[in-house]
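Enquirer: One structure coming up, written as structure tokens, with questions to follow.
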Protein chains: 2
Amino acid sequence: MQSTAEENYIKAIYKLSGGGAAAVSTTALSETLQTKPASVSDMLRKLSAKDLVHYVKYHGVQLTDEGQRVALKIIRKHRLWEVFLVQKLRFSWDEVHEVAEQMEHVKSELLIQRLDEFLGHPRLDPHGDPIPTEAGELREVEQRALASLNIEQEGVVCRVKDSQPAFLQYLNRVGIQIGSQLQVVDKIPYDNSLEISIDKSKSVILSSDVLEKIFVINP
Amino acid sequence: MQSTAEENYIKAIYKLSGGGAAAVSTTALSETLQTKPASVSDMLRKLSAKDLVHYVKYHGVQLTDEGQRVALKIIRKHRLWEVFLVQKLRFSWDEVHEVAEQMEHVKSELLIQRLDEFLGHPRLDPHGDPIPTEAGELREVEQRALASLNIEQEGVVCRVKDSQPAFLQYLNRVGIQIGSQLQVVDKIPYDNSLEISIDKSKSVILSSDVLEKIFVINP
DNA sequence: AAAATAATTTAGACAAACCTAAACTTTTAC
DNA sequence: GTAAAAGTTTAGGTTTGTCTAAATTATTTT
């Protein structure tokens, strides 16, 4: 059984490596986790001793198969709790992350099984991220970044890859949510921003930073 | 804000003092919390510095008003989660305690407000214990221990004062749950046990230990 | 390819929450 | 009312997870 701190490291390694494949640097982890690089080194030695990561000094870490299984389990719990908070307790998508971050560490197999059942075995969380199955499988949906669309092309928002309240509140304000119909009205080559129409009505200009974080289907 | 460990001490003091009034000894706490008396002394000094308890060396602790408020908040969270687990996730009453013990430490005012609302502002948890209000009030129901009933007298089970799985599973086996109609069939003076009929059908003999833990209304 | 810079690890400390062993109070027993 | 027993606290140590400062390794620059 892992401690909360260990679980947070494993989750961070998973996210930074984009699914557990690539190696992750100490500095990257220290930024994500808001701890000093020296503390990260310590913890990596510990996770390595537990065979949750492959760790080569000065050359970064990768999750082992076991580490990956653990990561997917935590992510499953996190995303199921997010669905619960939004669908059952009327949280908005910018309020769920911090609370789910705490609930994901509650230890009980039965709890997660029953929660999944209670929610009707959802496939996606409120940000459009896929929920791993009990067996640890990620069912990805084909999708592309809004930034990759050309003029006139359309898409339906299926996912946003940033859970920070500030970003989600920004999307609330411009009127973008999961399911919004977007269309590229114009390209501004100067800074790679796009003018986007939302649900066939108002249009806004989105910076390339934002365009990289919004994903659509049927492009 | 209190740590999980601090919260567990405050909860234990509340329970052992029977509501925060009486003073509680170091040994009693060490037994309840499964820690050594020396560790309890340490923590009491710490809680005292935070003004959550009145602590006089060698003479036990009591909760301060602030400590009592904190205790009731934790108990409120614990009992609301128990209701959730039983009513929404089909847990049985002997499975909820351990999980609720973890969930009670999640920090979010909004979460508890919304959970309370989602559950329909329940007044009692699955063991019949009252749920403190948001304002920190305990709405007790008039009740008496089964042990205090005389021959022929009846009552409806409204509460059981022991959340240990072993005890609750014992009640499951003899067929007693919240709402069961009990009647005293016979008194056995030798060991103060009683013969009790359950829901006007089968009858069982309950030891005085057990009789002290079951509470009834309309006696 | 050596020197400068950046990234990383080791060494030594600290706080929280626990422990054991020893010292100290309080209570109980005679 | 003193002595033994029981209960409690203090002193010093451990583990987990963090920190700063110093040492080490890798990378970049020239």
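Enquirer: Any chance you could count how many residues in segment A:1-19 are among the polar types (S, T, N, Q) and touching a residue at least 40 places away in the same chain (Cβ under 8 Å)?
Expert: The total comes to 3.
Enquirer: Run down A:209, A:162 and say which single residue is within 19 Å of the chain's Cα centre (by Cα) and part of a loop (DSSP other than H, G, I, E, B).
Expert: After applying the criteria, what remains is A:162.
Enquirer: Go through the residues of segment A:149-166 one by one and say whether even a single one is open to solvent by less than 60 Å² (accessible area, probe 1.4 Å) and free of Cβ contacts under 8 Å to residues at least 24 places away in the same chain.
Expert: Taking every residue of segment A:149-166 in turn, none turns out to be open to solvent by less than 60 Å² (accessible area, probe 1.4 Å) and free of Cβ contacts under 8 Å to residues at least 24 places away in the same chain.
Enquirer: Restricting to segment A:137-148, name every residue that is open to solvent by less than 60 Å² (accessible area, probe 1.4 Å) and within 22 Å of residue A:188 (Cβ to Cβ).
Expert: A:145, A:146, A:147, A:148 - these are the residues of segment A:137-148 that are open to solvent by less than 60 Å² (accessible area, probe 1.4 Å) and within 22 Å of residue A:188 (Cβ to Cβ).
Enquirer: Identify all residues within segment B:20-49 that are surrounded by 14 or more Cβ atoms within 10 Å (Cβ to Cβ), free of Cβ contacts under 8 Å to residues at least 40 places away in the same chain and part of a loop (DSSP other than H, G, I, E, B); write none if there are none.
Expert: If the condition is that a residue be surrounded by 14 or more Cβ atoms within 10 Å (Cβ to Cβ), free of Cβ contacts under 8 Å to residues at least 40 places away in the same chain and part of a loop (DSSP other than H, G, I, E, B), then B:23, B:25, B:35 are the ones that fit.
Matching residues to (1) of a type in the set (A, V, I, L, M, F, W, C); (2) out of contact with any strand residue (DSSP E or B) (no Cβ under 7 Å at 6 or more places or on another chain):
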site	(1), (2)
B:133	no, yes
B:143	no, no
B:146	yes, no
B:151	yes, no
B:154	no, no
B:159	no, no
B:172	no, yes
B:175	no, no
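Enquirer: Another question about this same structure. Going by the structure shown, is residue B:94 open to solvent by 60 Å² or more (accessible area, probe 1.4 Å) and either more than 12 Å from DNA strand D (Cβ to nearest atom) or of a type in the set (D, E, K, R) (or both)?
Expert: Here the answer is no, as residue B:94 does not meet what is asked.
Enquirer: Would you check which residues across segment A:138-188 are among the charged types (D, E, K, R) and within 21 Å of residue A:79 (Cβ to Cβ) and list them?
Expert: Passing the criteria: A:139, A:140, A:142, A:159, A:161, A:162.
Enquirer: Same structure, new question: Residue check: is residue A:71 within 14 Å of another protein chain (Cβ to nearest Cβ) and either within 15 Å of DNA strand D (Cβ to nearest atom) or hydrophobic (A, V, I, L, M, F, W, C) (or both)?
Expert: When the stated conditions are applied, residue A:71 does not pass them.
Enquirer: Has segment A:173-185 got any residue that is outside any strand (DSSP E or B), free of Cβ contacts under 8 Å to residues at least 40 places away in the same chain, open to solvent by less than 30 Å² (accessible area, probe 1.4 Å) and polar (S, T, N, Q)?
Expert: For segment A:173-185, residues outside any strand (DSSP E or B), free of Cβ contacts under 8 Å to residues at least 40 places away in the same chain, open to solvent by less than 30 Å² (accessible area, probe 1.4 Å) and polar (S, T, N, Q): present.
Enquirer: So in segment B:11-23, with the set limited to residues that are farther than 16 Å from residue B:59 by Cβ and more than 16 Å from DNA strand D (Cβ to nearest atom), which one is modelled with the lowest pLDDT?
Expert: Going through the qualifying residues, I end up with B:20.
Enquirer: Please name all residue pairs, on different chains or six or more residues apart, with Cβ atoms under 6 Å, provided the first residue is in segment B:99-111 and is facing another protein chain (nearest Cβ under 7 Å) and the second residue is open to solvent by 10 Å² or more (accessible area, probe 1.4 Å) and of a type in the set (Ser, Thr, Tyr).
Expert: From segment B:99-111, the pairs are B:99/A:108.
Enquirer: To continue, here is another question. Which ones in segment A:79-91 are open to solvent by 10 Å² or more (accessible area, probe 1.4 Å) and away from chain B (no Cβ under 13 Å)?
Expert: Once the filter is applied, which keeps residues that are open to solvent by 10 Å² or more (accessible area, probe 1.4 Å) and away from chain B (no Cβ under 13 Å), segment A:79-91 yields only A:79.
Enquirer: Within segment A:112-136, track down each residue that is within 14 Å of chain B (Cβ to nearest Cβ) and either open to solvent by less than 10 Å² (accessible area, probe 1.4 Å) or within 24 Å of residue B:98 (Cα to Cα) (or both).
Expert: A:112, A:113, A:114, A:115, A:116, A:117, A:118, A:119
Enquirer: If I ask for residues that are near DNA strand D (Cβ under 9 Å from one of its atoms), of a type outside the set (Ser, Thr, Tyr) and under 21 Å from the mean Cα position of the chain (by Cα), which ones from segment B:24-68 would you list?
Expert: Listed by number, the residues that qualify are B:24, B:28, B:29, B:61.
The values are calculated or read from the model by the stated rules, or taken from the named source; none is laboratory data. Note that the structure is a prediction, hence the values are computed from the model and not measured. Cβ coordinates were reconstructed from backbone atoms using ideal geometry, including for glycine residues, and neighbour counts include every protein chain displayed. Surface accessibility is based on the protein's heavy atoms, side chains included, excluding ligands, DNA and RNA. Shrake-Rupley method; radii C 1.70, N 1.55, O 1.52, S 1.80 Å.
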